[in-house]
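The values are calculated or read from the model by the stated rules, or taken from the named source; none is laboratory data. What you are looking at is a predicted structure, and each value in this text was computed from that prediction instead of being measured. Every residue, glycine among them, receives a Cβ derived from its backbone with ideal geometry; neighbour counts consider all protein chains shown. Note: accessible area is taken over every heavy atom of the protein model, side chains too, but ligands, DNA and RNA are not part of it. Shrake-Rupley method; radii C 1.70, N 1.55, O 1.52, S 1.80 Å.
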Amino acid sequence: MNKMSTKKITYLGLFLAVAVIVNLIESLIPSLVVPGARLGFSNIVIMVILYKYGFKESVIVLILRILLVGVFRGTILSYPFYMSLFGGLSSIIIMRTIKSLKLFSEVGVSVCGAIMHTIAQICVAIVMFDTFEIVSYLPYLLLISLITGIIVGLTCKKINSMKLLLDIEE
């Protein structure tokens with residue numbers, strides 16, 4: 001059985017704390033363009049984990065972040081929770097797939113993830129609110145996804161190039 005080292009668990013715990021804090025701070029910033037639109041900067045942490053430690057670790061931290069933020073914000077098992085969960089899982093799956101193809105840098109992977117996150121959230125909203133009219137937000141949300149995806153990707157690329165994070169050997 002592949003067990004995680006104490007050092008790796010410690011690093012992932014620190015990453016989780018940073019992701020939760022960034023997400024909570026970001027939720028205090030009002031949406032100016034489209035209601036509910038967020039910058040997604042906690043995804044920088046998820047992408048760094050994906051590139052530094054792998055898919056399994058990034059999924060674990062992603063799910064724990066969504067659960068903890070849901071508990072702290074009081075939105076657990078409500079529509080923001082489900083939108084975040086399905087958006088996040090869809091995003092990490094597409095990012096892993098695009099990353100494994102080795103066609104794009106962190107920026108391209110991030111943009112694909114941001115776009116998938118948006119599409120998944122729109123699909124959840126259609127089901128939860130039983131209306132297709134929410135699709136009218138999609139062009140605006142995709143533009144925001146493109147911009148924030150570039151920012152997240154560039155930030156992840158810079159962090160990865162700085163060699164700030166220690167490699168953890170099993």
| With respect to residue 129, is the statement that it is of a type in the set (Phe, Trp, Tyr), at pLDDT 95 or above and open to solvent by 20 Å² or more (accessible area, probe 1.4 Å) true? | no
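Report, by residue number, each residue of the stretch 97-112 that is more than 15 Å from residue 148 (Cα to Cα), charged (D, E, K, R) and surrounded by 17 or more Cβ atoms within 10 Å (Cβ to Cβ). Before you say what the answer is, go through the steps one by one.
From the stretch 97-112, those more than 15 Å from residue 148 (Cα to Cα) are 97-105; that's our starting set.
Filter once more, so that each one left must be charged (D, E, K, R): 99, 102.
Hit for the stretch 97-112 is 99, nothing else.
Kindly evaluate residue 20 against the criterion of being touching a residue at least 24 places away in the same chain (Cβ under 8 Å), surrounded by 13 or more Cβ atoms within 10 Å (Cβ to Cβ) and part of a loop (DSSP other than H, G, I, E, B).
On the way: touching a residue at least 24 places away in the same chain (Cβ under 8 Å): yes; surrounded by 13 or more Cβ atoms within 10 Å (Cβ to Cβ): yes; part of a loop (DSSP other than H, G, I, E, B): no.
Here the answer is no, as residue 20 does not meet what is asked.
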| message | Condition (residue is open to solvent by 50 Å² or more (accessible area, probe 1.4 Å), over 12 Å from the mean Cα position of the chain (by Cα) and on the phi > 0 side of the Ramachandran plot) applied to the stretch 162-170: is it met by at least one residue? | response | yes
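Quick check on residue 4: is it under 16 Å from the mean Cα position of the chain (by Cα), crowded, with 16+ Cβ neighbours inside 10 Å and of a type outside the set (Phe, Trp, Tyr)? Lay out the reasoning, then the answer.
Numbers: under 16 Å from the mean Cα position of the chain (by Cα): no; crowded, with 16+ Cβ neighbours inside 10 Å: yes; of a type outside the set (Phe, Trp, Tyr): yes.
Spelling it out, it is not the case that residue 4 is under 16 Å from the mean Cα position of the chain (by Cα), crowded, with 16+ Cβ neighbours inside 10 Å and of a type outside the set (Phe, Trp, Tyr).
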| Among (1) touching a Gly at 6+ places or on another chain (Cβ under 6 Å); (2) over 18 Å from residue 141 (Cβ atoms); (3) open to solvent by less than 60 Å² (accessible area, probe 1.4 Å); (4) of a type in the set (Val, Ile, Thr), which single condition is residue 76 missing? | (3)
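For the stretch 44-63, give me each residue that is assigned to a helix (DSSP H, G or I), of a type outside the set (A, V, I, L, M) and touching a residue at least 24 places away in the same chain (Cβ under 8 Å).
Of the stretch 44-63, the ones assigned to a helix (DSSP H, G or I) are 44-52, 55-63.
When the remaining residues are screened for being of a type outside the set (A, V, I, L, M), the result is 51-52, 55-58.
Answer for the stretch 44-63, where residues must be assigned to a helix (DSSP H, G or I), of a type outside the set (A, V, I, L, M) and touching a residue at least 24 places away in the same chain (Cβ under 8 Å): 51, 52, 55, 57, 58.
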| task | Quick one: in the stretch 78-104, of everything that is of a type outside the set (A, V, I, L, M, F, W, C) and at pLDDT 95 or above, which residue is nearest to the chain's Cα centre (by Cα)? | result | 88
| query | Somewhere in the stretch 79-95, is a residue open to solvent by 30 Å² or more (accessible area, probe 1.4 Å), of a type in the set (S, T, N, Q) and in a loop (DSSP other than H, G, I, E, B)? | reply | no
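Answer with yes or no whether residue 39 is under 14 Å from the mean Cα position of the chain (by Cα) and open to solvent by 50 Å² or more (accessible area, probe 1.4 Å).
On the way: under 14 Å from the mean Cα position of the chain (by Cα): yes; open to solvent by 50 Å² or more (accessible area, probe 1.4 Å): yes.
When the stated conditions are applied, residue 39 passes them.
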| query | Checking residue 110 against (1) under 15 Å from the mean Cα position of the chain (by Cα); (2) under 18 Å from residue 159 (Cα atoms); (3) modelled with pLDDT under 95, which test does it fail? | reply | (3)
